[in-house]
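Before any comments, here is the structure.
The values are calculated or read from the model by the stated rules, or taken from the named source; none is laboratory data. Everything numeric here is computed off the predicted structure, so don't read it as measured data. Quick reminder, even Gly has a Cβ in these numbers, built from the backbone with ideal geometry, and neighbours come from all protein chains shown. These accessible areas exclude ligands, DNA and RNA; they are computed on the full protein's heavy atoms, side chains included. Shrake-Rupley method; radii C 1.70, N 1.55, O 1.52, S 1.80 Å.
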Amino acid sequence: MSTAYFLFFGRLNDFLNREQKEQAIRVDFRERQSVKHLAESLGVPHPEIGAVQVNGQEGTLNTIMQDGDRAEVHPVPNGGSIEPRFILDNHLGRLAAYLRMLGFDCLYQNDYDDEELAETAQREGRILLSRDRRLLMRKVVAYGYCLRSLDSIEQLAEVIQRFDLTKRIVPFHRCLRCNHRLEPVEKEAVLDRLEPLTKLYFDEFQICPACKQIYWKGSHYEQMQGLVRRMTEDKR
Ligand SMILES: [Zn+2]
């Protein structure tokens, strides 16, 4: 039997029990075990992990731990090394709609299974958003974030902070239903689909080329502006 000690920093403590937070945690193990494996055995998914030191030396997730080793494990810094394109776990439909409102490319279906989610994330180089740590611990998941909150607005704020998205917000250009980019459309072309008041008060329209949903700067747009303001103000 070997024994190692793990100290987690910053938001990685969110994954630990109260008595483990900010403490060197003792882990007993047999056979060859990597930092990644032991960290995950403590409940910390590898996509959340950034810098690793073992006995004060630079290490990685793949560093094999020896008896008596001490690991210091830091969260991935905010921001990101890849384009912020996402795939969302089931039941995150509201978060997907909010992210699309702000212009972010989000794959979401409520019937993907775990394997499809993980493999699509890998194949398309997308960031997997989930509340399920087990899913994020899958080997093929390179980029992911475990949502802490159950509330979709708070989740949105978490994602914006984690991936430093404030400056990348481009509202009103993506379909909330199906993620396609919207295209401008002449009012005349959609006239027969507009309500009388919409016809009267609005002249600029966009359409989703996939699902044909029409968008204009009405009440939806104001709601969205409110959301954008809220998300950008939270950052100050
Ligand atoms: Zn659409």
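The table that follows gives values for the structure above.
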item: Subset of the range 206-220 that is within 14 Å of the ligand (Cβ to nearest atom) and part of a loop (DSSP other than H, G, I, E, B) - its residue that is most open to solvent (accessible area, probe 1.4 Å); result: 212
item: In the range 185-205, residue nearest to the chain's Cα centre (by Cα) [restricted to those that are open to solvent by 80 Å² or more (accessible area, probe 1.4 Å) and hydrophobic (A, V, I, L, M, F, W, C)]; result: 197
item: Matching residues in the range 185-205 - criterion: being more than 16 Å from the ligand (Cβ to nearest atom) and out of contact with any Lys or Arg (no Cβ under 9 Å at 6 or more places or on another chain); result: 186, 188, 189, 192, 195, 196, 197, 198, 200, 201
item: Complete set of residues in the range 98-120 that are open to solvent by 20 Å² or more (accessible area, probe 1.4 Å) and either within 13 Å of residue 159 (Cβ to Cβ) or part of a loop (DSSP other than H, G, I, E, B) (or both); result: 98, 105, 108, 109, 110, 111, 112, 113
item: Any hit, the range 156-168, residues being in a helix (DSSP H, G or I) and free of Cβ contacts under 8 Å to residues at least 40 places away in the same chain; result: yes
item: Cβ-Cβ under 7 Å pairs, at least 6 apart or on other chains, the range 25-46 side closer than 17 Å to residue 67 by Cα and basic (Lys, Arg), far side in a helix (DSSP H, G or I) and open to solvent by 10 Å² or more (accessible area, probe 1.4 Å); result: 36/46
item: Those residues of the range 65-89 which are out of contact with any strand residue (DSSP E or B) (no Cβ under 6 Å at 6 or more places or on another chain) and open to solvent by less than 70 Å² (accessible area, probe 1.4 Å), in sequence order; result: 68, 79, 80, 82, 84, 85
item: Among the candidates 56, 43, residue that is over 27 Å from residue 232 (Cβ atoms) and in contact with a helix residue (DSSP H, G or I) (Cβ under 6 Å, 6 or more places away or on another chain); result: 43
item: Test: residue in the range 34-42 that is small (Gly, Ala, Ser), within 22 Å of the chain's Cα centre (by Cα) and closer than 23 Å to residue 156 by Cα; result: no
item: All positions within the range 77-97 that are outside any loop (DSSP other than H, G, I, E, B) and hydrophobic (A, V, I, L, M, F, W, C); result: 86, 87, 88, 95, 96, 97
item: From the options 147, 182, 165, 176, residue that is under 20 Å from the mean Cα position of the chain (by Cα) and within 15 Å of the ligand (Cβ to nearest atom); result: 176
item: Yes/no for residue 52 being in a strand (DSSP E or B), touching a Gly at 6+ places or on another chain (Cβ under 6 Å) and not small (Gly, Ala, Ser); result: yes
item: Tabulated pairs, the range 121-140, first closer than 19 Å to residue 92 by Cα and in a strand (DSSP E or B), second open to solvent by 70 Å² or more (accessible area, probe 1.4 Å) and hydroxyl-bearing (Ser, Thr, Tyr), C-beta under 9 angstrom, 6+ apart or interchain; result: 127/143; 128/143
item: Residues that are within 15 Å of residue 68 (Cβ to Cβ) and open to solvent by less than 80 Å² (accessible area, probe 1.4 Å), drawn from the range 1-24; result: 2, 3, 4, 5, 6, 7, 24
item: Selection status of residue 12, without any contact (Cβ under 8 Å) to a residue 60 or more places away in the chain and closer than 30 Å to residue 113 by Cα; result: no
